[in-house]
Amino acid sequence: MSVTEIPSKVIVEERQGEAYAPFKNDANQYRKSFYIESYGCAMNFSDSEIVASILNGEGFGATRNTEDADLILINTCSIREKAEQTVRKRLTEFRKLKQSKPGLLIGVLGCMAERMKAKLLEDEKLVDIVVGPDAYRTLPVLVEEAGGGQKAVNVLLSREETYADISPVRLDSNGISAFVSIMRGCNNMCTFCVVPFTRGRERSRDAQSILKEVEQLHAQGFKEITLLGQNVDSYYYTARTGDEPVTFARLLEMVAQVSPEMRIRFSTSHPKDITEDVLLTMAKYHNICKYIHLPVQSGNTRILQLMNRTYTREWYLGKIDQIKRIMPDCAISSDIITGFCTETEEEHRDTLSVMEYSKFDYSYMFFYSERPGTLAQRRYADDVPEEVKKRRLQEIIEMQNRLSLESNQKDIGRTFEILIEGNSKKSDAHWAGRSSQNKMVIFPKTNDACKKGDYVHVKIDACNQATLFGKLVADQIHV
Ligand code: 5AD
Ligand code: SF4
């Protein structure tokens with residue numbers, strides 16, 4: 001799963017704990033204002049943009065300040081225990097705010113909604129509204145009910161909802177990159193994962209509505225689209241019986257053809273589902289980025305079986321070989337869990353050796369966190385002691401740090417096409433942008449004609465483990 005999201009550096013744990021608030025203070029145009037904060041994967045961030053659109057339609061404008069808000073929403077993540085703890089802490093802070101502003105409504109959206117509804121609403125009285133990921137259309141009614149003093153809840157999951165017809169309101173946008181959700185839910189039932197329970201069954205969004213959204217983004221000047229889903233390679237859509245189905249490979253091609261000036265990324269791929277067709281389509285289009293997030297989770301076949309990943313170590317390595325054969329310059333990243341139930345030292349070393357073989361450009365690394373209701377929680381004992389899980393995680397991180405540095409060192413002397421995303425965080429005299437391989441590149445502003453959203457060529461002359469540094473190759477800007 002997971003998603004996009006993806007800064008080009010090694011991130012441990014925080015990936016699921018970042019929050020953002022809306023960028024614009026457009027409360028003045030509206031009768032009331034809402035504040036929204038999102039945690040977890042890119043899918044949640046994308047959902048918050050759908051929620052913003054629904055609320056705009058009801059006369060609520062976005063605000064950055066909790067003090068100005070009539071409605072505070074928190075879009076939550078359940079994937080690991082730590083993510084849930086962060087949300088609970090935040091809710092306690094919002095509750096304090098409510099004491100000085102009695103009309104204020106507080107709502108919980110997303111993955112924690114189903115699991116925690118009784119607790120949040122009744123036991124701890126932390127919130128007024130609880131809405132699950134498939135029930136955002138009912139938010140206006142729920143807000144009204146809560147305003148009238150009732151407890152407002154809708155956590156029903158749906159087999160159809162894709163919010164296909166709702167145009168997301170871009171929050172916290174740099175005007176260059178946008179997420180487009182192409183499917184919802186997951187049918188995979190990895191035993192460690194709570195997502196199939198919190199987000200429900202997999203369903204694919206109408207291909208034409210995806211295309212329309214991408215065309216609109218192109219018209220608005222966006223330059224990079226990330227197609228999002230828990231398992232994008234199982235995208236499959238047929239408008240009417242008898243029509244030729246749209247597979248993920250076909251969808252990628254349709255979206256890539258919108259404009260050669262618009263980069264296409266996608267996340268997340270399940271190793272069992274990514275087809276040769278997808279790889280060949282990536283190779284065929286310059287504007288489909290040469291980067292795949294391909295979570296391995298473990299490098300040991302017995303553990304992979306316990307995780308219900310449905311592939312073996314050898315099969316995964318074969319996939320890596322196939323990707324490198326078709327696209328030698330393709331970057332690959334991974335998700336890795338250490339200390340899954342019954343994992344031995346030898347099995348842990350299998351994960352290290354898969355990393356080394358695959359030469360992951362970066363990874364998101366976690367120690368196993370048992371989640372209530374998952375298959376693993378029901379079937380297996382969480383029997384690897386916490387200090388062992390953490391020590392193994394540290395070894396995985398050290399391996400990834402070395403691999404990331406080696407990968408970046410190989411780029412020294414090479415020239416890459418970079419999409420400028422904005423100023424470097426550390427210096428206004430430098431631009432920051434990404435290569436097709438999703439690596440962050442920093443370079444000095446030596447040409448006044450360059451601006452955000454331009455493609456430029458940059459020759460790399462230095463690096464650290466997270467970032468490449470280089471210089472503009474003269475006169476090769478295109479907008
Ligand atoms: N414990 C630790 N990590 C988990 N992930 C999912 N569930 C768990 C869990 N229970 C990780 C997986 C997944 C990523 C988004 O989060 O690596 O790919
Ligand atoms: Fe990803 Fe597996 Fe969870 Fe589905 S069940 S979201 S594939 S980790």
Point to revise | Single residue of region 53-80 satisfying the filter (over 21 Å from THR138 (Cβ atoms), free of Cβ contacts under 8 Å to residues at least 60 places away in the same chain and open to solvent by less than 30 Å² (accessible area, probe 1.4 Å)) that is nearest to the chain's Cα centre (by Cα) | key: THR63
Check your understanding: So which residues in region 74-128 are of a type in the set (Gly, Ala, Ser) and within 16 Å of ligand 1 (Cβ to nearest atom), if there are any at all?
Key -> SER78, ALA83, GLY110
Check your understanding: What is the residue count in region 302-337 for residues that are β-branched (Val, Ile, Thr) and either outside the structural domain of HIS270 (by TED's automatic domain parsing) or surrounded by 17 or more Cβ atoms within 10 Å (Cβ to Cβ) (or both)?
Key -> 6
Review point. How many residues does region 274-286 hold that are more than 16 Å from SER234 (Cβ to Cβ) and either modelled with pLDDT under 95 or surrounded by 21 or more Cβ atoms within 10 Å (Cβ to Cβ) (or both)?
Key: 1
Point to revise | Residue list for region 182-210, restricted to those being away from ligand 1 (no atom under 15 Å from the Cβ) and either open to solvent by 10 Å² or more (accessible area, probe 1.4 Å) or over 17 Å from the mean Cα position of the chain (by Cα) (or both) | key: ASN187, GLY200, ARG201, GLU202, ARG203, SER204, ARG205, ASP206, ALA207, GLN208, SER209, ILE210
Exercise for review: With the condition kept exactly as written, say whether any residue in region 303-314 is within 20 Å of ILE418 (Cα to Cα) and under 22 Å from the mean Cα position of the chain (by Cα).
Suggested key: no
Practice item. Within region 173-180, identify whether any single residue is modelled with pLDDT of 95 or more and in a loop (DSSP other than H, G, I, E, B), and answer yes or no. Key: yes
Review point. In region 366-388, is there at least one residue being away from ligand 1 (no atom under 13 Å from the Cβ), closer than 30 Å to LEU468 by Cα and in the same structural domain as PRO196 (by TED's automatic domain parsing)?
Key: no
Review point. In region 143-170, which residue that is touching a strand residue (DSSP E or B) at 6+ places or on another chain (Cβ under 7 Å) and among the hydrophobic types (A, V, I, L, M, F, W, C) is surrounded by the fewest Cβ atoms within 10 Å (Cβ to Cβ)?
Key: VAL155
Check your understanding: Do you know which residues across region 355-390 are away from ligand 2 (no atom under 16 Å from the Cβ) and polar (S, T, N, Q)?
Key -> SER358
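Restricted to region 456-475, and to residues that are assigned to a strand (DSSP E or B) and hydrophobic (A, V, I, L, M, F, W, C), which residue is farthest from the chain's Cα centre (by Cα)?
Pass one, region 456-475, residues assigned to a strand (DSSP E or B): 456-463, 467-472.
After this cut, where a residue has to be hydrophobic (A, V, I, L, M, F, W, C) as well, the list is 456, 458, 460, 462-463, 468-469, 472.
Numbers: VAL456: 26, VAL458: 27, ILE460: 28, ALA462: 29, CYS463: 26, LEU468: 23, PHE469: 26, LEU472: 30 Å.
Restricting to residues being assigned to a strand (DSSP E or B) and hydrophobic (A, V, I, L, M, F, W, C), the top hit is LEU472.
The values are calculated or read from the model by the stated rules, or taken from the named source; none is laboratory data. Treat the numbers as computed from the prediction; the structure is a model and nothing was measured. Glycine also receives a Cβ, built like all others from the backbone with ideal geometry; neighbour counts cover every protein chain displayed. We work out accessible area using only protein heavy atoms, side chains counted, and drop any ligands, DNA or RNA first. Shrake-Rupley method; radii C 1.70, N 1.55, O 1.52, S 1.80 Å.
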